[in-house]
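One structure is given below, encoded as structure tokens.
The values are calculated or read from the model by the stated rules, or taken from the named source; none is laboratory data. Fair warning: this is a prediction, and the values are worked out from it, not measured in the lab. Here Cβ is always computed from backbone atoms with ideal geometry, including for glycine, and neighbour counts include all displayed protein chains. Accessible surface is based on the protein model in full, side chains and every heavy atom, while ligands, DNA and RNA are left aside. Shrake-Rupley method; radii C 1.70, N 1.55, O 1.52, S 1.80 Å.
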Amino acid sequence: MESLRLKTNYRCVPALQQFYTGGPFVVSSDNSFIACACGESIKIVDSVTAALRSTLDADSESVTALALSPDNRLLFSSSHSRQIRVWDLSTFKCVRSWKGHDGPVMCMTCHPSGGLLATGGADRKVLVWDVDGGYCTHYFKGHGGVVSCVMFHPDPEKQLLFSGSDDGGDNATVRVWDVSKTKKKNCIATLDNHRSAVTSLAISEDGWTLLSSGRDKVVTLWDLHDYSNKKTVITNEAVEAVCVIGSSSPFASSLHSYKQDAKKRSGSKAFYFITVGERGIVRIWNSKGAGSIFEQKTSDVTASIDDDDGSRRGFTSAVMLPSDQGLLCVTADQQFLVYSLECTDELLQLNLTKRLVGYNEEIVDMKFLGDDEKFLALATNLEQVRIYDTASMSCSYVLSGHTEIVLCLDTCVSTSGKTLIVTGSKDNSVRLWDSESANCIGVGIGHMGAVGAIAFSKRKRDFFVSGSSDHTLKVWSMDGLSDNMTVPFNLKAKAVVAAHDKDINSVAVAPNDSLVCSGSQDRTACVWRLPDLVSVVVFKGHKRGIWSVEFSPVDQCVVTASGDKTVRIWAISDGSCLKTFEGHTSSVLRALFVSRGTQIVSCGADGLVKLWTVKTNECVATYDHHEDKVWALAVGKKTEMLATGGGDAVVNLWFDSTASDKEEAFRKEEEGVLKGQELENAVSDADYSKAIQIAFELRRPHRLFELFSELCRKREAEEHLDRALKGLGDEELRILFNYVREWNTKPKLCYVSQFVLFRVFSVFPPTHIVEIKGIGEVLEGLIPYSQRHFGRIDRLVRSTFLLDFILSGMSVIEPEAQPTESKTKLLLQSDIHIPDTENDIEERDDSPEITASKKRKSKRSRHGSHKKVKNVAFNRVESIPLQA
């Protein structure tokens with residue numbers, strides 16, 4: 001058997017994040033990304049994998065409108081703050097912003113040329129802006145209510161702008177505006193046919209038919225030659241979006257091959273369009289016919305009830321994807337559904353090719369599916385269970401059937417090879433699902449309260465156990481399960497017991513199917529013998545309710561997680577507490593065994609995930625990758641990959657990185673040895689530039705200081721140091737400043753640090769240094785110590801002046817000769833050699849007097865100034881000339 005290796009580290013991969021909370025969105029022209037409103041921010045996500053590319057934080061108000069430039073370089077946004085912002089998507093920074101409306105901007109669109117931006121607001125105005133200048137070019141008034149949609153004509157030569165509004169009462173209009181500078185009359189036409197808010201506008205491929213949809217359950221076709229009403233199509237549902245199908249798209253190809261429709265088509269000017277609305281179904285219409293030529297049979301979205309007006313809301317928007325990649329529909333529960341149309345056996349079939357979930361709300365439970373663990377089942381605050389592909393984290397399918405929120409789930413592979421899912425819900429029922437067909441194959445009714453805990457058997461896999469808020473524990477049999485089932489059969493309870501005094505939060509089945517353990521809010525965990533649910537032992541000791549229970553895969557013990565912030569291991573034989581793990585700062589919500597029962601993974605309301613070693617009671621690692629409570633924890637059986645989810649609607653996948661971390665550490669150690677030898681070789685060769693570079697790579701500040709101090713004693717120190725500094729990047733410069741800051745705090749090392757600082761500011765301009773990220777804090781730490789060092793040097797210099805004065809007074813040193821005195825001496829010397837007879841005679845006359853005075857002075861100094869001092873061997877002091 002392979003030796004057991006304890007895990008020391010996990011690598012977290014954020015697999016699923018919320019990116020859309022409802023509201024505006026926009027798709028790029030090449031369908032590479034989607035910009036979505038997510039609360040107060042804008043998320044840029046990949047349109048294939050929904051991976052988050054960037055987050056744009058605008059302001060503290062929710063986003064109300066979005067638009068993209070035709071070249072996908074600029075993103076326009078607005079929020080309830082009425083601020084219109086322009087974002088550069090190459091740098092993800094706001095390049096300009098302005099205000100123009102008196103109310104929130106409800107819609108916006110960009111001109112096909114990219115030079116103009118049109119906005120419609122709640123102030124009943126439509127404004128056109130110059131994108132580069134940010135000034136208003138057109139100011140349109142005339143709507144009687146909130147402007148709900150705006151659209152430029154797709155042909156740049158036709159300078160037309162269309163806007164739709166809800167004018168209040170039973171009136172809604174579409175207005176056509178002329179944005180060219182040649183026309184004096186701006187409003188060309190007012191199209192009045194809708195009786196409720198206009199929700200969407202579209203233009204036919206030839207550019208001469210305008211389609212408008214509204215919540216009055218009609219779609220109107222307008223002739224742009226004379227702005228007359230060509231046709232009114234009654235849809236019998238509130239239409240949220242209308243899209244025109246291009247003649248070259250796969251949708252049109254499938255429709256042309258549809259024989260029944262080919263007979264109905266008359267004329268070459270007919271075109272197809274799609275409508276979506278409150279019923280949550282997709283319908284296709286012909287512009288020449290009165291009825292729909294295709295209607296989706298079943299909806300892929302559960303229509304919810306709008307609390308404001310009581311209407312049903314299925315789809316909220318739709319758009320035809322560019323590059324003929326299908327139809328994108330957005331649901332009221334923040335899902336992006338991508339459809340493709342196929343014609344098979346003279347029948348049209350609409351296929352759901354992709355499902356991206358923008359918001360999962362709170363994740364309450366999750367489990368891996370199948371032996372290969374390629375799928376992950378999630379229970380959120382919804383009536384459905386969503387199944388995700390762990391590779392792309394796109395929602396593969398949804399299990400719908402419960403009428404209330406799903407609280408718990410479990411998965412297993414049956415003896416026949418089927419992957420089964422069992423769920424418990426607030427509707428007091430349990431349901432059994434076949435993951436391959438995504439159908440419900442069994443329903444169990446019998447609990448009188450919400451089912452909050454459920455678990456499959458581990459060995460035979462022919463039963464499962466459920467716990468409810470009615471304090472009872474039930475064992476359900478799966479004997480009636482067959483391979484070919486079309487109608488769900490009624491599950492029967494084999495045994496029932498009133499297990500606890502409060503709600504049951506968790507149940508677990510032993511690996512040999514002989515025991516079942518239940519954890520309750522009454523602060524106890526009970527072990528029951530199967531199949532009759534006979535009490536075996538009760539675990540008492542937790543001070544708060546128990547949230548999770550799990551059997552050890554190898555020992556006769558149970559692990560429990562409680563609201564008292566502890567994890568405990570209990571012996572089944574006598575019910576004693578064997579070990580207690582403390583470390584969480586809030587309630588522990590899940591605890592599971594890993595590494596064949598030698599380690600435990602726990603998660604809690606503090607948002608932390610912890611890895612424990614059972615033998616030593618040691619917390620090996622702590623991870624903080626969630627911003628809210630971590631309710632759900634799943635462990636893969638084969639790979640022991642972890643998955644966590646919680647109140648922040650984020651799903652993180654965790655991979656064991658123990659082996660890779662050891663390999664990486666060994667590789668770094670080996671590289672360090674080689675680099676160290678290379679460093680010593682460079683020092684011995686006096687190649688200080690290379691030595692400094694290697695010391696930076698190895699992150700050895702002490703060796704780096706030794707190199708700098710050695711360079712300070714060299715004659716060509718500045719040249720070597722400048723050459724080494726020029727090869728440093730911004731990150732290495734920041735690290736160097738950190739090192740210098742530490743050296744500068746010590747008086748013994750400050751001389752080297754100041755020398756390095758002087759050379760750094762000589763090589764790099766201060767403007768470049770200030771732009772380095774995080775350098776401000778480092779410079780603030782350098783200033784006080786540098787001031788202290790320079791103050792100390794100033795005091796030393798002033799002390800030397802005092803010493804000079806004392807020595808001069810003692811005639812030990814001679815004061816510096818003044819420049820004027822030296823000049824006088826030079827002049828006197830030059831005057832002696834000038835041939836002047838008068839001066840020569842005068843000098844001869846005065847010379848005896850000068851020599852006589854010199855003799856008297858010398859005698860006086862020789863006899864009068866010399867005094868004898870006792871006990872001094874030599875007391876003659878000679879003056880020391882002070883060199884300049």
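Brief remarks on what is shown
- The residues on offer are 79, 97, and the sole one that is small (Gly, Ala, Ser), closer than 26 Å to residue 140 by Cβ and surrounded by 19 or more Cβ atoms within 10 Å (Cβ to Cβ) is 79.
- When residue 150 is tested against (1) surrounded by 14 or more Cβ atoms within 10 Å (Cβ to Cβ); (2) in contact (Cβ under 8 Å) with a residue 40 or more places away in the chain; (3) in a loop (DSSP other than H, G, I, E, B), just one condition goes unmet, and that condition is (3).
- Test: residue 665 is hydrophobic (A, V, I, L, M, F, W, C), within 21 Å of residue 583 (Cα to Cα) and over 20 Å from the mean Cα position of the chain (by Cα): no
- Put simply, of 481, 515, 530 the only residue that is in contact with a Lys or Arg (Cβ under 8 Å, 6 or more places away or on another chain) and open to solvent by less than 70 Å² (accessible area, probe 1.4 Å) is 515.
- Residue 532 being acidic (Asp, Glu), at positive phi and modelled with pLDDT under 95: no
- Of the listed requirements (1) of a type in the set (D, E, K, R); (2) in a helix (DSSP H, G or I); (3) more than 38 Å from the chain's Cα centre (by Cα), residue 748 misses just one: (2).
- Taking the stretch 478-509 as the range and being more than 30 Å from residue 540 (Cα to Cα) and polar (S, T, N, Q) as the test, the residues that pass are 482, 484, 486, 490.
- Residues satisfying the stated conditions in the stretch 1-31, i.e. closer than 30 Å to residue 108 by Cα and surrounded by fewer than 17 Cβ atoms within 10 Å (Cβ to Cβ): 29, 30
- Qualifying positions in the stretch 696-715 - within 21 Å of residue 783 (Cα to Cα) and surrounded by fewer than 13 Cβ atoms within 10 Å (Cβ to Cβ): none
- Test result for residue 718, assigned to a helix (DSSP H, G or I), open to solvent by 70 Å² or more (accessible area, probe 1.4 Å) and touching a residue at least 40 places away in the same chain (Cβ under 8 Å): yes
- Residue among 232, 220, 199 that alone is among the polar types (S, T, N, Q) and over 22 Å from residue 109 (Cα atoms): 232
- Filter pass, residue 247 being more than 21 Å from residue 155 (Cβ to Cβ), outside any strand (DSSP E or B) and small (Gly, Ala, Ser): no
- When residues in the stretch 126-145 are screened for being open to solvent by 30 Å² or more (accessible area, probe 1.4 Å) and either in the same structural domain as residue 221 (by the TED database) or closer than 26 Å to residue 96 by Cβ (or both), 8 of them pass.
- Entry remark, the stretch 769-808: residues being open to solvent by 100 Å² or more (accessible area, probe 1.4 Å) and of a type in the set (S, T, N, Q) number 1 in total.
- Of all residues in the stretch 364-388, those satisfying the criterion of being within 19 Å of residue 334 (Cβ to Cβ) and not aliphatic (A, V, I, L, M) are 380, 381, 383, 384, 386, 388.
- Of all the residues in the stretch 281-336, those that are β-branched (Val, Ile, Thr), modelled with pLDDT of 90 or more and not in a loop (DSSP other than H, G, I, E, B) number 6.
- Check on residue 397, in contact with a Cys (Cβ under 9 Å, 6 or more places away or on another chain), assigned by the TED database to the domain that holds residue 491 and of a type in the set (Phe, Trp, Tyr): no
Residues checked against (1) in a loop (DSSP other than H, G, I, E, B); (2) without any contact (Cβ under 8 Å) to a residue 40 or more places away in the chain:
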{"position": "564", "(1), (2)": "yes, yes"}
{"position": "567", "(1), (2)": "no, no"}
{"position": "574", "(1), (2)": "yes, yes"}
{"position": "579", "(1), (2)": "no, yes"}
{"position": "589", "(1), (2)": "no, no"}
{"position": "596", "(1), (2)": "yes, no"}
{"position": "610", "(1), (2)": "no, yes"}
{"position": "621", "(1), (2)": "no, no"}
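- Single residue of 701, 747, 765 found to be under 25 Å from residue 675 (Cβ atoms) and of a type outside the set (Phe, Trp, Tyr): 701
- Within the stretch 642-697, if we keep just the residues that are of a type in the set (Val, Ile, Thr) and not in a strand (DSSP E or B), the residue that is farthest from residue 730 (Cα to Cα) turns out to be 650.
- Residue within the stretch 406-423 that is within 19 Å of residue 631 (Cβ to Cβ) and assigned to a loop (DSSP other than H, G, I, E, B) present: no
- Hits in the stretch 1-46 - residues which are touching a Leu at 6+ places or on another chain (Cβ under 9 Å) and aliphatic (A, V, I, L, M): 13, 15, 16, 26, 27, 34, 35, 37, 42, 44, 45
- Just one of the listed residues (361, 373, 404, 383) is open to solvent by 10 Å² or more (accessible area, probe 1.4 Å), touching a His at 6+ places or on another chain (Cβ under 9 Å) and not basic (Lys, Arg), and it is 383.
- Out of 214, 168, 134, 164, sole residue that is under 42 Å from the mean Cα position of the chain (by Cα) and free of Cβ contacts under 8 Å to residues at least 40 places away in the same chain: 168
- Given (1) assigned to a helix (DSSP H, G or I); (2) under 21 Å from residue 699 (Cβ atoms); (3) at pLDDT below 85, index of the condition residue 757 fails: (3)
- You will find that of 651, 635, the residue that is among the β-branched types (Val, Ile, Thr) and open to solvent by 20 Å² or more (accessible area, probe 1.4 Å) is 635 and no other.
- Taken together, 32, 54, 47 contain a single residue that is more than 16 Å from the chain's Cα centre (by Cα), polar (S, T, N, Q) and at pLDDT 90 or above, which is 32.
- Considering residues of the stretch 52-75 that are without any contact (Cβ under 8 Å) to a residue 24 or more places away in the chain and assigned to a loop (DSSP other than H, G, I, E, B) only, the residue surrounded by the fewest Cβ atoms within 10 Å (Cβ to Cβ): 60
- Residue list for the stretch 100-115, restricted to those being of a type in the set (A, V, I, L, M) and open to solvent by 30 Å² or more (accessible area, probe 1.4 Å): 106
Residue by residue, here is whether (1) within 29 Å of residue 478 (Cβ to Cβ); (2) open to solvent by 20 Å² or more (accessible area, probe 1.4 Å); (3) of a type outside the set (Phe, Trp, Tyr) holds:
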| site | (1), (2), (3) |
| --- | --- |
| 545 | no, no, yes |
| 549 | yes, no, yes |
| 553 | yes, yes, yes |
| 575 | no, no, yes |
| 584 | no, no, yes |
| 587 | no, yes, yes |
| 592 | yes, yes, yes |
| 597 | yes, no, yes |
